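The values are calculated or read from the model by the stated rules, or taken from the named source; none is laboratory data. Computed from a prediction, not measured in an experiment: that's the story for all the values here. Accessible surface is based on the protein model in full, side chains and every heavy atom, while ligands, DNA and RNA are left aside. Shrake-Rupley method; radii C 1.70, N 1.55, O 1.52, S 1.80 Å.
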Amino acid sequence: MDKEKVRKEFNEFLDSASDETIKDFLKFIKERKAKRNRSGGDIDSADKRFKNRSN
C-alpha cells in the first residue's frame, strides 16, 4: 500500500470515527510506542536501524 492510499484511508477513518474510537486508537498507539521503546525495537530512529550495520 502506498503512502497516499494509507493517508487517504487514515483520514477517512478520522472523519468517520467517534471520539471514543479515536481516543482508544491514540491510547493503543502510545502503548505500542512505549512497548517498542522499552524493548529497544524503535524502528523510527535511523541511528538504531543502522547501528549494527556493517559496510
**Request:** Would you tell me the accessible area of K27, worked out with a 1.4 angstrom probe on the heavy atoms of the protein chains, in Å² to the nearest 10?
**Result:** 120 Å²
**Prompt:** Using the Karplus equation 6.51 cos²θ - 1.76 cosθ + 1.60 (θ = phi - 60°), what ³J(HN,Hα) coupling, rounded to whole Hz, does each residue of region 21-32 give in order, writing x for Gly and Pro?
**Reply:** 5, 5, 4, 5, 5, 5, 4, 4, 5, 5, 5, 5
**Message:** Please report the carbon-and-sulfur percent of the accessible area for region 1-42; probe 1.4 Å, protein heavy atoms only, DNA, RNA and ligands left out.
**Reply:** 52 percent
